[in-house]
Amino acid sequence: MYVAVKGGERAIENAHRLLAHERRGDGEVPELTLAQISEQLALGVDRVMAEGSLYDRELAALAIKQARGDMIEAIFLVRAFRATLPRFGATEPVDTGNMQIRRRISATFKDIPGGQILGPTFDYTHRLLDPQLAEGFVPEAPATGETSSTETPRVTDILAHDGLIEPSPQAEADAPVGDLTREPLSFPADRDLRLQNLARADEGFLLALGYSTQRGYGRNHPFAGEIRFGEVDVEFFAEDAGFAVPLGRIELTECQMVNQFKGSATEAPCFTRGYGLAFGQSERKTMSMALVDRSLRARELGEEVSAPAQDEEFVMSHSDNVQATGFVEHLKLPHYVDFQSELGLLRRLRKEFTEANTSEPLQEAAD
């Protein structure tokens, strides 16, 4: 027999106290500081900032600590906090072409103006656990050099100069820019909304979709034209001053994918584009974003829509990990009334089924 669990508010309060205890862990182990999380778990902080849509390393570190390392819970916390903040306006578009670069690679050209800059990356490590890190290992100081003044133009700009890649899609200058944080999602969605959605999307979801395009689910043959990571200036146009004033610098990762060429009876074949941009060092996220962005341009480029990654309604409706978590995890909450209703209906149907199947032989015998 099923009975309702009693305890209510007291049980919830005790659960919160237990959560706080479990979050702290062994009291004899030094407590993590926000600075430690921000500096030593930097890529996790970057992901929380990117998918939480709020550039604040300290708050992202606090969210990770509060969530016990659960990244989606941390993203949820950051978004909830962000919703309480006033909005004073919009900054000027950032110029990633003038980025102070820490890492810049291209898989399309070996020699590019400004050179390849490997920067901090796991790409060339052997993926072997390092026992030295468990013993408080102090690494060697990194190599340093003189700051170069050489220009670092985007690889796609080089291709565009020779007319080998389509022009970068541009919206009309006076066209309003959508805002998914304030307006409900609607379809069809223009590229501004699609890119916003992908920037906030779950990294794992985008990675799986991007991978699917490489395996043939959608016409997509990509080359990593350029991936760059570094700092860019953020400026805000001050109406009283009449010009843009600097607010500071933020770290961004940008990915430009060069994709299969297209052409028609009236246009010469040329490469197409996919684009990704995210806070912090988020290469896997921006690469996946660029792959999916290109796939979502299928209708725009006159391609057949036949794969999930090309279906904007499917992608945009299921990419948000906070929404997905809420819908999945709400199943943990009480559904006693609903289930009892289903249970009563099932018992009645089974009773009717049994009665129907036991009365038929008797009726036949009587006949």
In order through the range 51-61: 3J(HN,Hα) via Karplus (6.51 cos²θ - 1.76 cosθ + 1.60), integer Hz, x for Gly, Pro:
7, x, 6, 8, 8, 7, 5, 5, 5, 5, 5
Of all alpha-carbon pairs in the range 173-224, indicate the percentage at a distance above 16 angstrom.
55 percent
Peptides 164-170, 83-89, 43-49 ordered by average Cβ neighbours within 10 Å, highest first
43-49, 164-170, 83-89
Once every DSSP H run of n ≥ 4 in the chain is given -39500 (n - 2.57) and the sum is divided by its residues, what mean residue ellipticity at 222 nm do you get, rounded to the nearest 500 deg cm²/dmol?
-12500 deg cm²/dmol
For helix 336-366, what angle does its Cα long axis make with the longest principal axis of the chain, in degrees from 0 to 90 and rounded to 10?
50 degrees
By the C-alpha gyration tensor axes a ≥ b ≥ c (rounded if a/c is under 1.5, else prolate when a/b exceeds b/c, else oblate), the shape of the range 120-207 is oblate
With 20 Å bins from zero, work out the P(r) of the chain over every alpha carbon pair and list the percent per bin.
21, 48, 22, 8, 2, 0
Check residue 250: other-chain or 5+ apart residues with amide H under 5 Å from its amide H, H built from backbone geometry?
232, 234
Can you give the three extents of the C-alpha atoms in the range 1-101 along their principal axes, from longest to shortest, in whole Å?
67, 35, 25
Net charge near residue 255, counting Lys/Arg +1 and Asp/Glu -1 over other residues with Cβ under 12 Å of its Cβ?
+4
Highest average packing first - 186-198, 287-299, 325-337, Cβ atoms within 10 Å
287-299, 186-198, 325-337
Highest first, please rank the peptides 56-62, 240-246 by the mean number of other Cβ atoms sitting within 10 Å of their residues.
56-62, 240-246
Before I look further, what does the chain give for accessible area per residue, probe 1.4 Å, in whole square angstrom?
67 Å²
For residue 103, residues with placed amide H under 5 Å, excluding near neighbours:
229
At a 1.4 Å probe radius, carbon and sulfur cover how many percent of the accessible area of the chain?
56 percent
Quick check: the angle from helix 283-295's long axis to the longest principal axis of the chain, C-alpha only, nearest 10 degrees?
80 degrees
Candidates 259, 14, 357; GNM for the chain (alpha-carbon contacts under 10 Å) flags as most fluctuating 357
The answer for residue 260, listing residues at least 5 apart or on another chain whose modeled amide H is closer than 5 Å to its amide H, is 221, 272
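The values are calculated or read from the model by the stated rules, or taken from the named source; none is laboratory data. Quantities reported herein were computed from a predicted structural model and do not represent experimental measurements. As a convention, Cβ positions derive from the backbone with ideal geometry for all residues, glycine included, and neighbour counts pool all protein chains shown. For the accessible areas, the whole protein counts, side chains as well, though only heavy atoms, and no ligand, DNA or RNA atoms are used. Shrake-Rupley method; radii C 1.70, N 1.55, O 1.52, S 1.80 Å.
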